[in-house]
């Protein structure tokens, strides 16, 4: 039994309700709802795992640069998927991608994501093909996320790719960063202790031992979860015990 789990893909938006409705339609999420705290949540159920999409309210539009984003499954139906997403409220965006086989879109709040071309490594991923994360040291960050999530090395095109042990669901791709991190990421991952294994404090200690650090800003204090950063500065949260 795994002792921890990747539970949330956490995003930010000026209008979590509208943005959440878009992602519910885009990914087929269930149980979508806006909480009293203004956070929208919906669940992606796959055969061997589930992931929650959580969207926090923020006052500002997304700044340039996406160190973590969603790559959606397109494959042979790429153009049809793109047209469906445009109908849900997405739009084409140019983030300097140039001539590439994938299509770059943005959700209604401006968060960029990609619709991917056919790739054999995306078999059995579900609607999210991959979660590419910029890293200064993919091997080191890969070891950290493998320890925190229980995900295992998997075939992929990034220097390091991890996947749920069932080899279903999206790939977590540790990609070589084009530039160092300079601001809080608008998308991050949350992990939670499972019933058997280290508790929240134990997972925090494990992350620290593998090179992660605690976030020290005021906004990261006094929360039920612990805000941390990987060895490249990317935020992630260790949630409270179940």
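Peptides 157-170, 34-47 ranked from most to least packed by the mean count of surrounding Cβ atoms within 10 Å: 157-170, 34-47. Between residue 123 and residue 56, the C-beta separation translates, for a Förster distance of 35 Å, into a calculated FRET efficiency of about 0.60. Highest mean packing first, where packing is the average number of other Cβ atoms within 10 Å per residue, the peptides 176-184, 200-208, 91-99 line up as 200-208, 176-184, 91-99.
Here the calculated FRET efficiency for residue 33 and residue 199, from their Cβ-Cβ distance with R0 = 30 Å, stands at 0.60, rounded to the nearest 0.05. For residue 83 and residue 221, calculate 0.36 nm times their separation in residues minus their Cα-Cα distance, and state this gained length in nm to one decimal. Computed gain between residue 83 and residue 221 is 45.5 nm. The simple Förster model, with R0 at 35 Å and r as the Cβ-Cβ distance, assigns residue 47 and residue 183 a FRET efficiency of 0.45.
Fully extending the segment from residue 94 to residue 241 would add 48.8 nm, taking 0.36 nm per residue of separation and subtracting the current Cα-Cα distance.
State, as an integer percentage, the relative contact order of the chain based on alpha-carbon contacts under 8 Å between residues 6 or more apart. Averaging sequence separation for qualifying contacts and normalising by length gives 21 percent for the chain. Rg and Dmax of the stretch 83-150, based on Cα coordinates, read 14.7, 40 Å. Can you tell me how the stretch 108-189 classifies by the Cα gyration tensor, rounded, prolate or oblate, using a/c under 1.5 as the rounded cut? Oblate, because a/c is 1.5 or more while a/b does not exceed b/c.
What separates the Cα centres of the stretch 130-154 and the stretch 15-81 is a distance of 21 Å. With a ≥ b ≥ c taken as the square roots of the eigenvalues of the C-alpha gyration tensor of the chain, please select rounded if a/c is under 1.5 and otherwise prolate if a/b is larger than b/c or oblate if it is not? Since a/c stays below 1.5, the shape of the chain is classed as rounded. Taking the DSSP beta bridges with both ends in the chain, the antiparallel portion is around 65 percent. Multiplying the residue separation of residue 157 and residue 139 by 0.36 nm and removing their Cα-Cα distance gives an extension gain of 5.1 nm. How would you classify the stretch 181-234 from its alpha-carbon gyration tensor, with a ≥ b ≥ c the square roots of the eigenvalues: rounded for a/c under 1.5, else prolate if a/b is greater than b/c, otherwise oblate? It is prolate, given that a/c is not under 1.5 and a/b is the larger ratio. Sorting 5-14, 56-65 by average packing, meaning the other beta carbons within 10 Å per residue, from highest down gives 5-14, 56-65. From helices alone, the chain scores -5500 deg cm²/dmol at 222 nm; the rule is -39500 (n - 2.57) for each run of n ≥ 4 DSSP H residues, then divide by the residue total.
Where a number appears in this text, it was derived from the coordinates with a stated rule and is not lab data. The model shown is predicted, which means the values in this text are computed figures rather than measured ones. Cβ sites come from the backbone with ideal geometry, for glycine too, and all protein chains shown count toward neighbours.
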